[in-house]
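*Asks:* My structure is below; once you've seen it, I'll send some questions.
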Amino acid sequence: MSILGEHAPGRHPQEEARARARLEILLAGRGTAGAVLKLVPAQRAVLAGDWQGQACVFHLGLGPEAGLAARFEELRRVRAYMDGGPFRVPEPLALLGAGEASVTAFVAGSSLLAAMWAGDDAARHALQTRAAGWLRAHAAPGERLRPANRRPWRSRAEAGLARQGHPALIAVETQVLRRMHQLSRALRGEGAEWRVSLGHGDFHAGNLLLTPGALWGIDLGGKAVAPVCRDIARFLVHNARRGLLPSGRRRYGVDAGGLEAFASAFGLDAVEREGDLPFFLCHELLARPEHPGLPEARISHAREMAEGLLADLRQRLSV
């Protein structure tokens, strides 16, 4: 299965044809829709193309909760402080059809995920350290403290576990959920507040592009303030699910070197490192169950990650 998996081009041909036709109507001759890059049924489609003679990427909403107008405004806000230097975002160009579609400039870069696969362990670690730098630059202007509310995140984890269809993962993930609840209770006193910012929303190596001298974040989906550890956990779990462990060591199931890189970039304190981040690693593991069509190797990586997370949670909670 490709990096995009069930959302890869060609997996939903009828939906792709309808999406391209709808986009052409919205463009009204001002641009041209090209190849479908990604399609999430009933949610959104991403297409290449051109807008008034400029190469671009289109995001088209396919459902009522697409939130493209909010995404576009967030990109405009972030662009104000990430339009140069080593960490950047693409230029937002236009919003179409009262927020039904958005247009952003095309970035001729290579996927950070592909670059990590192509490099040796030292190069992979350097790349994930750059990813930590990008996320820190993105989050820093909006960072603040907010009272911690872990209940919605636990609920999403429970709902995700209920959708887990791989028998090899259900037992260990059930134990992870139990420890997640224990950790949540243990943090009631020492973790009464957590650091939040307007997050990326889907931060992983596949949504980062490399160009000479810069790292670009794409597909920003931040519409609400969330704990900064949520985006960190998303990146680390996404890599661990694919067996990307540049340091060769695990901490809470993910790459120990990657965890240290993000902890250093954000200056995480003891509660964030040993409380908030493990909590969100549990959330990311459970809330996004593995797709039914994944190969056995991916399920094996997921099981090893869950077992590593569970072992360190047991030690953390002294149980």
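*Asks:* Work out how much length Ile170 to Glu307 would gain on full extension: take 0.36 nm times their residue separation and subtract the Cα-Cα distance, in nm to one decimal.
*Replies:* Between Ile170 and Glu307, full extension yields 48.2 nm more.
*Asks:* Return the Rg/Rh ratio of the chain with Cα-based radii and a Kirkwood Rh.
*Replies:* Radius of gyration over Kirkwood radius for the chain works out to 0.96.
*Asks:* A follow-up question, please. Can you give the angle from 0 to 90° between the axis of helix 13-27 and the longest principal axis of the chain, with both taken from C-alpha atoms, to the nearest 10?
*Replies:* 60 degrees
*Asks:* In a Gaussian network model over the chain where Cα atoms closer than 10 Å are linked, find which of Gly217, Gly133, Gly63 has the largest mean-square fluctuation.
*Replies:* Largest GNM mean-square fluctuation: Gly63.
*Asks:* Let me ask something additional. With everything on Cα atoms, drop me the angle between helix 121-139 and the longest principal axis of the chain, reported from 0 to 90° to the nearest 10.
*Replies:* 70 degrees
*Asks:* Please build a GNM for the chain, connecting alpha carbons under 10 Å apart, and tell me which residue among Phe262, Phe106, Phe58 fluctuates the most.
*Replies:* The residue with the greatest mean-square fluctuation here is Phe106.
*Asks:* Tally Lys/Arg at +1 and Asp/Glu at -1 over every other residue whose Cβ is under 14 Å from the Cβ of Ala21; what's the total?
*Replies:* -1
*Asks:* Add +1 for every Lys or Arg and -1 for every Asp or Glu among the other residues with Cβ under 10 Å from the Cβ of Ser247, and state the total.
*Replies:* Around Ser247, the charge tally is +1.
*Asks:* Angle check, please: helix 151-163 long axis (alpha carbons) against the longest principal axis of the chain (alpha carbons), in degrees 0 to 90, nearest 10.
*Replies:* 80 degrees
*Asks:* Pop a pseudo-label 7 angstrom from the Cα along the beta-carbon direction at both Arg151 and Gln43 and give the gap in nm to one decimal.
*Replies:* So the label points at Arg151 and Gln43 sit 2.6 nm apart.
*Asks:* A follow-up question, please. Considering the chain as a Gaussian network with a 10 Å cut-off on Cα pairs, which listed residue, Gln164, Gln14, Gln175, attains the greatest mean-square fluctuation?
*Replies:* Sorting by GNM fluctuation, first place goes to Gln14.
We did not get these values from a lab; they are worked out from the coordinates using the rules stated. Because the structure is predicted, anything quoted here is derived from the model rather than measured. Note: ideal-geometry Cβ built from the backbone for every residue, glycine included; neighbour counts use all protein chains shown.
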